[in-house]
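The values are calculated or read from the model by the stated rules, or taken from the named source; none is laboratory data. Given the structure is predicted, the values throughout are model-derived calculations rather than measurements. Cβ placement follows ideal geometry from the backbone for every residue including glycine, while neighbour counts extend to all protein chains displayed.
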Amino acid sequence: MKRVMKASCPLNCWDNCGFLVTVENDRVTKIEGDPDHPITKGKICGRGRMLETRTNSSDRLLYPLKKVNGRFEQISWEQALNEIAAKLSEVKEKYGTTSVLHSHDYSNNGILKNIDQRFFNCYGGVTEIYGSLCWGSGIEAQKWDFGNALSHEPHDLFNSKNIIIWGRNVARTNMHFYENLLKAKKQGAKLYVIDPLYNATAKMADEHITIKPGMDGILAAGVIKEILRLGLEDRAFIEEFTYGFSDLAHLLDGISLKKISEMTEVSAEVITMLARIYADKPSSTFMGLGMQRYKNGGNTIRLIDALAAVSGNVGIPGGGANYANLQVGQSFAFEELTLPNRRTDTRQFSIMKQAEKVLTAKGPEIRMIIVTCGNPLTQVPDSTMVERAFTSVETLVVIDQFMTDTAKLADYVLPATTAFEEEDFYYSSMYHHYVNYGPKLVQEAPGEAKSDLWIWTQLASLLGFGADFDFTRDEWLNMALKPLQEKGMTLESLKKNGTLELPVEKIPWQNRKFKTPTGKFEFTSILGQQKSGSGLLTLAVPDESKWSNQEHAEKYPYNLLTIHPLRSNHSQNYHLLGGQIKPKVEVAKNIAEDLGLIQGDEVRVWNDRGEIKGAISILPAAHPNTINIDEGIWRQFGGPVNNLTSSRESDNGLGSTLYDCLVNLEKI
């Protein structure tokens, strides 16, 4: 029997699309876009379509596996769960619960993926990771400035006179926003793209402004300086609704426009042009996630926020410093779902430095690691260190759908279901404010694959707190939706309609009531003072740059970017793409000319952390001395690029420095 049913993309990306999924004989045979979805309107990307291949792949993990004498052997679920539960009991009794590390990531969406936190809290509290490889610096930065990280709803874009896309290739990562940009341009809006790479979004812009990687905050400071020189600032907003402006003005007095132009490699004329664009309100800014992956990443986002505030583009239709939209996720009852009050002990490692911490932790040492929703051997920076750490512990458990690089290191691998084999709901914290329902479409998962929720429920029962997991799927989902029920938003209506519009601020800060300690937009952050000792904005630069370390920059003269791949959500799909896969080393034209390289040449890229080899692709319009190698590629295909990247934390401690990376390159 053939059925076509509404469903949702489970990937944690900008768009979170609505699906129409065709199921025949209990097998997904086709995925298309749902034309009735209020935002995605029937169009989906290649990563979404790949979910059919992912679900039906013959490479799926089908049975629990245990490593015996260096080789995996199939075992029963009963044996796997009993042995893992016994190990959890043993380390708890001997060393305490924080001798267990829960390593996870966020690219698999679904509200019930958070049940792992409930399990570990009821267990007593383990060593958890904090921060984010992806967007952590910017989230923290906007909390310092605004009190929360909120974005305008998608259709407010059509109120903008000028649209600035800063460090974000929406054509690759946010296709429905890209379509709206095309419409906004037809309606008369001007589009400006600031990016080191001349990408597909830059190609459709009225102007592409190329910039030295990592210098975006310095550029924002230069634009503010010009706004003030020209008298184009929104003085009324600054005086009534902001705090600490005099500190910012004093900072800018200490640097010349000429110096800013030299550091950013953006001409003074372009900086002046941007000042006039921002003053020609409403001007909206849409920031990407890459430019905050530097040591100065939080400060970078704060300076762009400050630019939006100085120009009066905060809290107005068609404006905004749009980075993330946390109010979407904040609509749900996470504490009731995860029970943080149940933990009696806790410890945290930075997600960036989890490997070093595993190797050096005392009181207690890490004895056991459980990995969920992630592939840290590929995705966490400084991959060599990650392998050392994850092979150093007594027991490594990985829950996954495929034998990833991380799973290959494990002692136990547990096969998980895909989104179409379980029921959940999904949302995006970055773009739109609609929740999508994802029904269970395939009744029998292949082999013995089980949902994460089933696995945690069984382990909880074995460890003596099964009552905390004694709920039906509907009861779990209703638990998460509890804050919305008083507003008439129910699980029944979500199931019936397929989507649910959340009650969010569509134009954040329109009431000028900010969530900061002063109740104002804070150029000088009180929260920053409390957390770091200083909430002042600075003119910080990347750690790996000639402005910070001239000797290092001479040894490694090229900036390495590691952007999101086109057809894989991080590392998830490389093994499913078919054909011969190997790293593509995209280089600026000047690098190819200087080194005598032509398209397809084999090269080695290296620094003091590691190396990677691949084939040259020349980028004619990229910023000079810039290289890109897409992130996520598996070892079997020549990766990962994180052999090269640093595990240092950003300035505010909550983000990665994946792009703060200098390398050298030579032809093989």
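Worth pointing out:
- Of all residues in region 227-253 being not polar (S, T, N, Q) and not in a helix (DSSP H, G or I), the one that is nearest to Thr518 (Cα to Cα): Tyr243
- Check on Phe349, out of contact with any strand residue (DSSP E or B) (no Cβ under 7 Å at 6 or more places or on another chain), among the aromatic types (Phe, Trp, Tyr) and surrounded by fewer than 22 Cβ atoms within 10 Å (Cβ to Cβ): no
- Test for Leu377: is it in contact (Cβ under 8 Å) with a residue 24 or more places away in the chain, in contact with an Asp or Glu (Cβ under 6 Å, 6 or more places away or on another chain) and crowded, with 24+ Cβ neighbours inside 10 Å: yes
- Count - residues of region 218-230 that are of a type in the set (D, E, K, R) and either assigned by TED's automatic domain parsing to the domain that holds Asn625 or closer than 17 Å to Arg293 by Cβ (or both): 0
- Within region 104-129, the set of residues being farther than 21 Å from Leu396 by Cβ and either outside any helix (DSSP H, G or I) or among the hydroxyl-bearing types (Ser, Thr, Tyr) (or both) comprises Asn109, Gly110.
- Which listed residue is more than 25 Å from Lys190 (Cα to Cα), in contact with a Lys or Arg (Cβ under 6 Å, 6 or more places away or on another chain) and either surrounded by 15 or more Cβ atoms within 10 Å (Cβ to Cβ) or not small (Gly, Ala, Ser) (or both), from Leu252, Leu248: Leu252
- If the condition is being buried (at least 17 other Cβ atoms within 10 Å of the Cβ), touching a strand residue (DSSP E or B) at 6+ places or on another chain (Cβ under 8 Å) and among the acidic types (Asp, Glu), then region 473-531 contributes only Glu522.
- Within the set Val541, Val587, Val605, the sole residue that is of a type outside the set (Asp, Glu), modelled with pLDDT of 95 or more, closer than 30 Å to Gly138 by Cα and in contact with a Lys or Arg (Cβ under 8 Å, 6 or more places away or on another chain) turns out to be Val605.
- Only a single criterion out of (1) out of contact with any helix residue (DSSP H, G or I) (no Cβ under 9 Å at 6 or more places or on another chain); (2) of a type outside the set (S, T, N, Q); (3) within 19 Å of Gln79 (Cβ to Cβ) is not satisfied by Trp456, namely (1).
- Matching option when the condition is surrounded by 14 or more Cβ atoms within 10 Å (Cβ to Cβ), closer than 17 Å to Arg47 by Cβ and of a type outside the set (Ser, Thr, Tyr), among His623, His564: His564
- Residue within region 258-280 that is part of a loop (DSSP other than H, G, I, E, B), assigned by TED's automatic domain parsing to the domain that holds Arg512 and touching a Phe, Trp or Tyr at 6+ places or on another chain (Cβ under 7 Å) present: no
- Out of Glu602, Glu649, Glu631, sole residue that is among the acidic types (Asp, Glu) and farther than 19 Å from Met352 by Cβ: Glu602
- Scanning region 4-24 for residues that are over 19 Å from Asp105 (Cα atoms) and either in the same structural domain as Arg172 (by TED's automatic domain parsing) or not acidic (Asp, Glu) (or both) turns up Val4, Met5, Lys6, Ala7, Ser8, Cys17, Gly18, Phe19, Leu20, Val21, Thr22, Val23.
- Every residue from region 43-100 that is in contact with a Pro (Cβ under 7 Å, 6 or more places away or on another chain) and under 30 Å from Lys30 (Cβ atoms): Arg60, Leu61, Leu62, Tyr63
- Failed condition for Pro517, given (1) outside the structural domain of Gly290 (by TED's automatic domain parsing); (2) assigned to a loop (DSSP other than H, G, I, E, B): (1)
- Region 24-43, residues that are part of a loop (DSSP other than H, G, I, E, B) and either without any contact (Cβ under 8 Å) to a residue 60 or more places away in the chain or within 22 Å of Glu179 (Cβ to Cβ) (or both): Asn25, Asp34, Pro35, Asp36, His37, Pro38, Ile39, Thr40, Lys41, Gly42, Lys43
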